[in-house]
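The structure appears below as structure tokens.
No lab work stands behind these numbers, since they all come straight from the coordinates. Bear in mind the structure is a predicted one, so any value in this text is a computation, not a measurement. Backbone-built Cβ (ideal geometry, glycine too); neighbour counts: all protein chains shown.
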Amino acid sequence: MAIYIKGAGMTKFDIDERGSYERVYECVNEALDSGNISMKEIDAVFVSNCEPETNGERQRHTGPMISSMFQKRMPIITVPAGCGGGGTALWNAAEFQKKNNMRNILVIGFEKLVANLSENITDEMFMGGERIYEQAEGVIFPAQNALVAQQYMVKYGATEDDLALVALKNHENAFLNPKARFYGKKVTLEMIKKSPVVASPLRLFDCSISVDGAAAAIISDEKSDIEITGSSLYADRISAFESKDMTSWAATRLAAESAYQQAGITPKDIDFVELHDAFTSVELMAYEDLGFAERGEGKKLIKKGITKMNGKLPVNTSGGLKAKGHPISATGVSQIYEIVKQMRKQAGKRQIDNAGTGLAHNVGGVGSTVTVHIMKYVGG
């Protein structure tokens with residue numbers, strides 16, 4: 001059964017004082033308009049969101065909230081998976097569609113993180129990792145990823161300069177993206193290299209930025225111009241230190257291999273990528289785990305400019321989590337939005353020349369839950 005993307009929508013990722021209702025309403029209506037479809041034609045909804053109890057709104061029952069918003073009774077399924085929630089919701093929606101013969105399914109990811117910033121919000125974010133032995137001892141996500149980055153650098157000779165080039169690329173892309181947190185904000189290599197150390201070797205500009213935001217996508221069994229040719233999800237250990245080799249994430253490798261097999265292609269057939277750069281070191285590792293470089297060779301892609309917007313394999317034309325922003329559950333769906341915009345030649349100043357086949361890579365935890373989706377432009 002072929003599955004297509006009809007439409008996609010997204011709010012600006014920023015500090016947004018509006019309630020979740022308003023942001024969800026905005027991105028869903030953009031998705032409906034872009035797919036030339038009405039809410040009456042939506043058969044089910046899959047939605048991902050972190051625990052709303054901590055964000056000031058205290059609205060835990062998300063499904064009925066959406067039902068009230070659009071005045072429609074239908075199956076609405078909540079899919080939490082931390083930072084990988086958006087991609088996980090999309091994967092579940094695609095599987096649900098195959099088995100239930102539904103025409104149009106709406107996928108939503110949304111968060112209100114920064115406008116009501118508190119210790120509770122920070123604690124909520126950390127719930128995506130191992131709580132008892134790691135985070136209770138202070139090994140939170142930046143520290144975990146710093147230790148992974150240290151291992152990677154020792155093993156393969158990567159440097160802080162390599163990480164800085166990843167950050168610079170993504171900021172250059174976000175500068176051109178009106179919906180990115182860093183839109184129109186100039187960030188230089190000097191600023192990146194002189195930014196404060198968060199957890200060595202990771203500096204402030206090596207870390208993704210928390211924002212408020214929402215994104216939506218509509219999938220359908222009715223032919224459209226964009227087909228989902230590969231859709232895969234793998235889960236792995238919760239602890240960053242259970243792996244014998246922390247410099248490669250098995251869930252990414254397995255999800256990518258499965259998605260490539262479903263699509264009948266190899267990594268060489270991918271034209272552009274939206275990947276989960278929660279930290280700059282994660283982007284380098286993902287180059288390798290997704291099959292675009294040999295182990296330890298990811299740094300060559302950024303040094304040679306291969307993953308820049310005008311390179312052979314543009315990565316994170318949106319600005320990525322690093323500079324577009326990372327509103328947890330909305331991130332995976334926002335990756336689909338960027339791919340749709342590129343394929344439909346609607347990306348404005350960040351439009352790339354070849355956007356025939358795109359890949360979205362979304363991660364929850366430290367490589368704990370990973371989805372890989374491959375999309376192909378098949379024409380109208």
Of Lys299/Lys322; Lys185/Lys312; Lys244/Lys324; Lys193/Lys244, pairs whose Cα-Cα distance is over 24 Å: Lys185/Lys312; Lys244/Lys324; Lys193/Lys244
Which residues qualify? For Thr369, with a placed amide H closer than 5 Å and at least 5 residues away or on another chain, they are Asp236, Gly364
Residues with amide H under 5 Å of Leu176's amide H, sequence separation 5 or more or different chain, H placed in the peptide plane at 1.01 Å from N; which? Gly184
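Is the shape of region 145-294 best called rounded, prolate or oblate, per the rule: a/c under 1.5 gives rounded, else a/b larger than b/c gives prolate, else oblate, with a ≥ b ≥ c the square roots of the Cα gyration tensor eigenvalues?
oblate
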How many nm is it between the label spots at Thr188 and Lys345, if each spot is 7 Å from the Cα in line with the beta carbon? 3.8
In range of the label at Tyr21: residues from region 70-113 whose backbone nitrogen is under 15 Å from the point 7 Å along Cα→Cβ: 70-72
Residues with amide H under 5 Å from that of Phe46, placed H, sequence gap 5 or more: Ile77, Leu106, Val107, Ile108
Pop out the ³J(HN,Hα) list for region 237-249 in order, Karplus 6.51 cos²θ - 1.76 cosθ + 1.60 with θ = phi - 60°, rounded to Hz; leave Gly and Pro as x. 3, 7, 8, 5, 9, 7, 7, 5, 10, 6, 7, 9, 9
Which value at 222 nm does the chain reach when only helices count, each DSSP H run of 4 or more adding -39,500 (n - 2.57), with the total divided by all residues and rounded to the nearest 500 deg cm²/dmol? -10500 deg cm²/dmol
Within 10 Å, count the other beta carbons around each residue, average over each peptide in 293-306, 26-39, and list them highest first. 26-39, 293-306
What FRET efficiency comes out for the pair Ser38/Lys244, r = Cβ-Cβ distance, R0 = 56 Å, nearest 0.05? 0.60
Report the gain in length on full extension from Met1 to Asn29: 0.36 nm times residue separation, minus Cα-Cα distance, nm rounded to one decimal. 7.4 nm
What ³J(HN,Hα) values, in whole Hz, does the Karplus curve 6.51 cos²θ - 1.76 cosθ + 1.60 give for region 175-184 when θ = phi - 60°, with x put for Gly and Pro? 3, 9, 9, x, 9, 8, 4, 9, 4, x
May I ask you to compute the full-extension gain from Ser68 to Val197, defined as 0.36 nm times their residue separation minus their alpha-carbon distance, rounded to one decimal in nm? 41.9 nm
Calculate how many DSSP beta bridges within the chain are antiparallel, expressed in % of all such bridges and rounded to the nearest 5. 75
Between the alpha-carbon centers of region 262-321 and region 326-374, tell me the distance in whole angstrom. 12
Using a basic spin-label model with each label point 7 Å from the Cα along Cα→Cβ, how many nm lie between Leu204 and Ser258? 4.0
Apply the Karplus parameterisation 6.51 cos²θ - 1.76 cosθ + 1.60, with θ equal to phi minus 60°, to every residue of region 218-224 and state each ³J(HN,Hα) to the nearest whole Hz, in sequence, with x for glycine and proline. 10, 9, 8, 8, 8, 4, 9
